[in-house]
1. Tell me, yes or no, whether the range 72-95 has at least one residue that is at pLDDT below 95, assigned to a strand (DSSP E or B) and surrounded by 12 or more Cβ atoms within 10 Å (Cβ to Cβ).
2. When only residues in the range 138-163 that are more than 13 Å from the chain's Cα centre (by Cα) and in a helix (DSSP H, G or I) count, which is surrounded by the fewest Cβ atoms within 10 Å (Cβ to Cβ)?
3. I need a count of the residues in the range 97-132 that are surrounded by fewer than 14 Cβ atoms within 10 Å (Cβ to Cβ), closer than 18 Å to residue 20 by Cβ and at pLDDT 95 or above.
4. Looking at 135, 222 in this structure, which one is surrounded by fewer than 13 Cβ atoms within 10 Å (Cβ to Cβ), at pLDDT below 95 and closer than 30 Å to residue 100 by Cβ?
5. Considering only the range 180-189, state which residues are in contact with a helix residue (DSSP H, G or I) (Cβ under 9 Å, 6 or more places away or on another chain) and crowded, with 18+ Cβ neighbours inside 10 Å.
6. State which residue is farthest from the chain's Cα centre (by Cα) when the search covers only the range 18-57 and only residues that are part of a loop (DSSP other than H, G, I, E, B) and within 15 Å of residue 105 (Cα to Cα).
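The values are calculated or read from the model by the stated rules, or taken from the named source; none is laboratory data. These numbers were taken from a predicted model, which means no experiment stands behind them. Cβ placement follows ideal geometry from the backbone for every residue including glycine, while neighbour counts extend to all protein chains displayed.
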């Protein structure tokens, strides 16, 4: 954890508004993390809202698929046609099954607890959640963050020479790690695939194994034989 995040965590611990959520600062279960994913109405944190949230617990190298959290939310922002095409969550479904975010947050926070959070471009998901968590309990989520694209970058490109083309896309990570591609833009499926990425990358690092890169072709010098 960086110095800035560590200082921010101490500040939040001292200023938390709702004392019932002090458990977020207690030591979590040993060797447990939570893979989390949010699907949203768009990519503007200030303007858009969360449609669905899913989270899955991981203990060591085991994904506890039976210990998961799922929720459909009723967003304030109107769902655009493009968002519906991507997430396949229709306005009628949201109206019938969607719950208000402030009804869901207590369940989500108790599910997560103090465990580190794992995600793919996790900062965006956390920023979307913090938009609601901050006014709800008086602080932002204090949990340590583990970014799978950074873990992948280190295993594949950590020793790469300058000028190497870097691909940190979700599909590239799935392909290199041999993880089955579930239907994407579904919060639970994305959380499960992210969990599988984390477990695989953690294992590679523990064994000191790097992900191979295609060999670059040697350049042909002018006038060479």
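1. Looking through the range 72-95, at least one residue is at pLDDT below 95, assigned to a strand (DSSP E or B) and surrounded by 12 or more Cβ atoms within 10 Å (Cβ to Cβ).
2. 154
3. Adding up the residues that qualify gives 2.
4. After applying the criteria, what remains is 135.
5. 186, 187
6. Per the stated criteria, the residue is 18.
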